[in-house]
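The values are calculated or read from the model by the stated rules, or taken from the named source; none is laboratory data. Just so it is clear, the model here is predicted, and its values are computed rather than measured. Because the Cβ atoms are built from the backbone with ideal geometry, glycine has one as well, and the counts that use them run over all protein chains shown.
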Amino acid sequence: MLLTLATDVNLVPHPVLQLVVSAMVLSLLLAPLIVHYSDRIVLRFVASEWMLRSMQLTRVAAQSIATDRHVIICGYGRTGQYLARLLEQEKVPYVALDLDPDRVQEAASAGDPVVFGDSARHETLLAAGLMRASAVVRWWFPTTMRPRPAKFCITCSPPVRMCP
């Protein structure tokens, strides 16, 4: 109706009108197909992120499943590695989480229990065995993340010690 009025008054040039009508017809033809295949389309764009996150949590859980009363080290930089060596000497089990894939790959190939994971996320800490851990050690978090891991540890039953 609006296009008819626009044509009658010569408001829209004829080539532009043809383009608009073509786009409308094309969208009417494609709409049922998009609705029919919407699940596949969404999974094509989003599944990789969800799949990667679930695979990451599975790896973390697989690494920590056999540990009990262990220490979760948040960050496996220089200080985290020193702490890990100290814990090894004292025969204290640990699981380290780090966001640097190269560091994680290098440590895992050396046989260290280090996995890729964001220790500021509650589900990652749970997968690392937070409920069975004796302590969680963190070295550095941005100011916006500081209270989060501590809150996760305090709400555990029994409470897990947070260092520092």
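A few points about this structure:
- Some residue of the stretch 128-143 being part of a helix (DSSP H, G or I) and either modelled with pLDDT under 85 or surrounded by fewer than 15 Cβ atoms within 10 Å (Cβ to Cβ) (or both): no
- Only one of the numbered conditions (1) at pLDDT 90 or above; (2) assigned by TED's automatic domain parsing to the domain that holds L130; (3) among the small types (G, A, S); (4) in a helix (DSSP H, G or I) is not met by A62, and that is (1).
- Residues in the stretch 18-58 that are at pLDDT below 80, of a type outside the set (S, T, N, Q) and within 15 Å of the chain's Cα centre (by Cα): V46, A47, E49, W50, M51, L52, R53, M55.
- The stretch 65-91, residues that are surrounded by 15 or more Cβ atoms within 10 Å (Cβ to Cβ) and either assigned to a loop (DSSP other than H, G, I, E, B) or not β-branched (V, I, T) (or both): T67, H70, C74, G75, Y76, G80, Q81, L83, A84, L87
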